[in-house]
Every structure is written in C-alpha cells, then in structure tokens.
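Take a look at the structure set out below.
Please treat every number below as a calculation from the coordinates, not as lab data. Please read these numbers as outputs of a predicted model, since none were measured by experiment. So basically every Cβ, Gly included, is an ideal-geometry build from the backbone, and we count neighbours across all protein chains shown.
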Amino acid sequence: MFRVVTPKTEEQLEAYFTFRWTYLRQPWNFPPGSEKDEYEQVAEHRMLVNGAGEIVACGRVHMNTAEEAQIRHIAVHANYHRRGLGQMILGALENVARELGAIRAVTNSRETSIDFFSSCGFAVEREAPNELGMLKRQQMVKKLTDLSSLILHPKWCKELQDTWTDTIPITEHMGIKLHQYSGKTLETRASLNKNINVHGTMFAGSIFSLATLTGWGLIYLQLKERQLSGDIVLGDGNIHYHKPVTMKPRAICNIESLSGKFTLVEKNKKSRFTLQVDILDDESPVAEFKGVYWVLPAGSPVDEGA
C-alpha cells in the first residue's frame, strides 16, 4: 500500500532530495545539489512511500502568484513504473495547490513527459526555458477549478455515488463522498462533524463504514474497467485503529492491494477478492482495514458466508 508523506525531519528531507537527484539529475550527469533551486523553502514537498517506508515517487509545488501553482520535480522509482504512482503524486500536489487557493497549475514538462501530463488534464501552452540550459521543455497548464478533473471516468463515479445514496441512505447523512479516482487509486472522504462522538473525534463505526464502502467502490469501478458486472458483498472485514480522527477523514484504496480473479466473474462464477484500505486524518495514517469481498453473478442469492 502506498501513502503520501510530507518530508519534515532532516533525515526525511535528505532522503527526498537524494531521490530527486537520483531520478531527475544523475541520468544527465549533473552533480548532487543540482536538484535544488531557490524555491525549496517556500514550496510544499510530497513523497509517496510503500509499506516499508521506502520512497517510490516524489514531487513539489509552489505558488507563482495567489492563483497559480507550479508543479515540479515529479519522479517515480524505476521499479514502480506503470502502476499509477505518477498520477497519485500529481493528484496529491494538485490537492495541495487547491488548498493554497490556486485556480490553475502549470508545469514545465520535458518532451518525454508531455503524454503523461496530457493524460492528467494538462495542455501545452507555450515553450518554456530549457532546464539547466540543455533539456528542452514545454509549459503545460491545467485549470484546478473543475473538480471533475480529479476523477477518471466521471460517469462511473457518479453511478457509484448515486448507488451509495440510493441504496445506503446513511452515507448521505455521514457525508461520505467519492473524492478521487485515478484508475489505480480510489479516495473517499467523510464529514467529521456528521460523525463526531463525545470525545470530539470520529466514531469508530463511521471509520469502519467509510473503509468498507471505499473497498466496495474500488471493486465496483474495477468491474466497470473490465466491462463486467456482479453483486458485490462484504464477506469479512477487520480494522486496526492506531489514532483518533480529529480533522479530515480520508480513506484510500490502491489497486496494488487488490487480489482476486476477475476471470471467474467473466465466467459468471462467484469470485473472492481481498484488499486493504488506509484511513488517514488529513495526511496522518490512523487505521488500516482489510476486507474480504465476494462478487456474485448478478441477481444470484447471497450466501451466508459471502
């Protein structure tokens, strides 16, 4: 499972800048230190780490003006390409930009990265100055005011949200909303005020419900990706709570944690899926949910064990 982290300690920052140099400067024989510029102190830095705490992707955002954010230095570990981690770190940086008040984001993309940024909603605006005097770049722009840009397949995501609202009305009262879907990662959020207990924190039952629905939702969207259908039911769920939720409840499920056989669904047979959902309070991990779900042929009776 992957999570977004803000490097804060001296050790974290050293690892973050070393990662940036390794993937963005060393291949062109630039010395250590060339990965830094004059904006480091005023920028927001983010890195993506795996379950072992190792950095697998990184990126940075800073404000050019009160309304424009510039995204730079996105890099993904060579062993983790084509897993959606570039989109994941970019999405995290765009969210930071929105929270800082930006209504548009710009990035100066190398020629090899134009297709990636285009697939994430950016468009080439003009030629940008060469990087370090030799690497040709294009300035690309994306509006951040259109929240649908957060979501891949908005029609499917709306269907999922409507399904929750129509069949599980309590989700509306809990303020559970689909926040982001990249094709690889699903993030949902809930209202703390609507789920607060006498201690001023989120009800444990509400956290469990948020996690359960997020896992259910990822399977729903993955079925859509494969043009499959079926009835999804929770077979078993276990959650470990580490800290209370006191600010911003978030649930994230990554396709890397999903295990199961869609081939059985294709054959109209029952199939078992397992996955993990991470619960965060803003950026702090607070709980992990591990669920077992069953996808049943549409319209079939639900077994007691499913």
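Once the dipole of the chain is set up with Lys and Arg at +1 and Asp and Glu at -1 on Cβ about the Cα centre, which of Gly121, Gln227, Gly291 lies farthest towards its positive end? The Cα lying farthest towards the positive end belongs to Gln227.
Taking a ≥ b ≥ c as the square roots of the eigenvalues of the Cα gyration tensor of the range 3-147, is the shape rounded (a/c under 1.5), prolate (a/b larger than b/c) or oblate? In terms of gyration-tensor shape, rounded. Each peptide in 89-96, 266-273, 44-51 receives the mean, over its residues, of other Cβ atoms within 10 Å, and ordering these scores from highest gives 89-96, 44-51, 266-273.
Helix 85-99 and the longest principal axis of the C-alpha atoms of the chain enclose an angle of approximately 80°. Checking the cross-link pairs Lys142/Lys261; Lys158/Lys194; Lys194/Lys224 against a 26 Å limit on the alpha carbon distance flags Lys142/Lys261; Lys194/Lys224 as lying beyond it.
In the chain, the longest principal axis of the Cα atoms and the axis of helix 204-225 are about 80 degrees apart.
Assuming charge only on the beta carbon of Lys and Arg (+1) and of Asp and Glu (-1), the dipole of the range 1-158 about its Cα centre is about 580 debye to the nearest 20. Ordering Phe30, Met1, Pro249 by the projection of their Cα atoms onto the charge dipole of the chain, which places +1 on the Cβ of Lys and Arg and -1 on the Cβ of Asp and Glu, puts Met1 at the extreme positive end. Between the listed residues Asn108, Gln41, Gly51, the Cα displaced farthest toward the positive end of the dipole of the range 1-142, a dipole computed from Cβ unit charges relative to the Cα centre, is found at Gly51. Give the calculated FRET efficiency between Lys243 and Arg126 to the nearest 0.05, with a Förster radius of 35 Å applied to their Cβ-Cβ distance. Working from the Cβ atoms, E equals 0.15. Between Thr112 and Glu38, full extension at 0.36 nm per residue minus the direct alpha carbon distance yields a gain of 24.1 nm. Think of each Lys and Arg Cβ as +1 and each Asp and Glu Cβ as -1; about the Cα centre, that makes the dipole of the range 199-306 roughly 300 debye. Between Asn29 and Thr163, the contour length at 0.36 nm per residue exceeds the alpha carbon distance by 42.9 nm.
If I compute P(r) over Cα pairs in 20 Å bins from 0, in percent from the structure I just sent, which labelled value in [x] 29, 47, 22, 2; [y] 31, 55, 14, 0; [z] 32, 58, 10, 0 lines up? Recomputing P(r) over Cα pairs in 20 Å bins from 0, in percent here picks out [y]. For the range 186-262 versus the range 67-93, the inter-centroid distance based on Cα atoms is 24 Å.
The magnitude of the dipole of the chain, with charges of +1 and -1 set on the Cβ of Lys/Arg and Asp/Glu and taken from the Cα centre, is near 580 debye.
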